[in-house]
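Read through the structure below, which is laid out as structure tokens, and then see the notes.
The values are calculated or read from the model by the stated rules, or taken from the named source; none is laboratory data. Predicted model, so just to flag it, every value in this text is computed and none were measured. Methodologically, a virtual Cβ is constructed for each residue, glycine included, from the backbone with ideal geometry; neighbour enumeration extends over all protein chains shown.
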Amino acid sequence: MRVLMLDLDTLRPDHLGCYGYHRNTSPNIDRIAANGTRFDNYYVSDAPCLPSRAALVSGQFGIHNGAVGHGGTCADMRLEGEPRGFHSEMADNSLWSIFRRAGMSTCTISPFAERHSSYWFLAGFNEMHNHAGKCGNESAEEITPTVIKWLENNADNDNWFLHVNYWDAHTPYRVPQEFGNPFEGEPIPKWLTEEVHTAHTKLAGPHTARDNGMYVGTENPNFPRHVNDVKNMQRLRDCIDGYDCGISYMDEHIGHILDFLEEKGLLENTAIIVTSDHGENFGELGMYSEHGTADHPTCRIPMIIKWPGMQTGTTDSGFHYNVDLAPTLAEILGVNPWDKWNGKSYTATLKDGTDCGRDELILSQCAHVCQRSVRWDNWLYMKTYHDGYHPHFTDEMLFDLKNDPHETENLAKTNPSIMAEGANRLNNWHSDMMASMPFGYTTDPMDTVLQQHGPMHANSLTSPIEQYKERLRETNRGHWITKIAERHPEFR
């Protein structure tokens, strides 16, 4: 068995052709989807980068594995405590260990472990390749030669798993200038009208339109494709083009890998998984070029699985988590599941289209804000515990994603019964999670983040608050300072 996993950082599914995007960003990914199963409602349980991959690799929600943020004690997985033996439980039960237990050689080509000092990520790999310590600032042309060289040395062997991690869609958008802009002049998403964008330029908060550099809007000449101040419609177009060029550039390099396997006569019988760690907001909730909320565009990811002998050219609309991948692969490969996984196998969906979807999903974010959301039916209910200095976020929000996928109208005030159902679903999930916490733990890690002065990217001790207040005054948005200070005394 040969398995290739393409882990494409910051990949929003609705910017791919196979998910209906109007721009031709992804012909090679689309080629994989045409020969496999495309999942349309696949979400990360915990966003963004570090918490998402912690959940993926451990098969556990962040509330159980403890890694929910980008800094502080909750940027690390919890210690196993007194029951730990000579080896940790992750040694045999990580996502990658499933392949090892199935008798396969495993390799990763990824900077992720070093980027976030998350070395648990390597549990289960025989071999790993990093790239000069660039920590995710690599570009595809630096990664692909390593991939091709590895395949030249190993592709003819049976029983291997190769994990390949591309970062070109992650900020700052940095595709080489010689790639050009294949999307110049093409329409941007229709919902982003001048009226909508103008309203966004009046908002405040990290990664809103005027502060797309997090707390600044100063452009960085080292990254001409990345827009730090989305101040007008041309800069909005540049922002979306920069992201789409990143996807297209990754896709071109994926094409090189597929062509190599095809030339070797191995493509048809190689299983391929295409996925991501999170999406990217482009205007939703007023946020740009960031994955800082527990909402639909941040937490929804692509999942495409082409597996020899299973369905081809099919789609699935059931609700699934990234933590569901571990039990699914264990079932396919005949490996006993870990009783501490929170995931649910959807192998039957791949085999014959059986609906294995969940009734609801709980989505969490503790790196830029502290939020939890419930995704069920057409609805997204959002509860905010720390707004990350976004004063336009209300404590509770409700969106009808069927009719409003870009979250433009908060329906909280007009739908009290739906609000109550969302809150009840969230409370029931939280009770179940707290009742099944790992040995010795009684604290929700989100509470720990809040006690440690808030999410890392809006931490009251380290955020450049005085600098940001000046930025708001300079851009005629100083009135927001008082509004932010109502919730965050450090702004007074």
Entirely in segment 435-492, the helices (runs of 4 or more DSSP H) that have 2 or more residues that are among the charged types (D, E, K, R) and touching a residue at least 12 places away in the same chain (Cβ under 8 Å): 465-474, 479-487
Contacts under 7 angstrom Cβ, first residue in segment 338-355 being within 24 Å of M437 (Cα to Cα), partner part of a helix (DSSP H, G or I) and small (G, A, S), 6 or more apart: W341/A326; G343/A326
A113, sole failed condition from (1) modelled with pLDDT under 95; (2) within 22 Å of the chain's Cα centre (by Cα): (1)
Residue within segment 361-371 that is without any contact (Cβ under 8 Å) to a residue 60 or more places away in the chain and either in contact with a strand residue (DSSP E or B) (Cβ under 9 Å, 6 or more places away or on another chain) or surrounded by 21 or more Cβ atoms within 10 Å (Cβ to Cβ) (or both) present: no
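Evaluate the following for W167: is it surrounded by 15 or more Cβ atoms within 10 Å (Cβ to Cβ) and within 26 Å of Y19 (Cα to Cα)? Step through it out loud before you land on a result.
Details: surrounded by 15 or more Cβ atoms within 10 Å (Cβ to Cβ): yes; within 26 Å of Y19 (Cα to Cα): yes.
Here the answer is yes, as W167 does meet what is asked.
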Inter-residue pairs, beta-carbon under 6 Å, first over 18 Å from P48 (Cβ atoms) and in segment 151-176, second modelled with pLDDT of 95 or more and of a type in the set (V, I, T), 6+ apart: F161/V3; F161/T106; H163/T108; V164/I109; V164/V147
Condition met for D316 (outside any strand (DSSP E or B) and either of a type in the set (D, E, K, R) or within 19 Å of V196 (Cβ to Cβ) (or both)): no
All positions within segment 14-49 that are touching a Phe, Trp or Tyr at 6+ places or on another chain (Cβ under 9 Å) and over 25 Å from V323 (Cα atoms): R23, N24, T25, S26
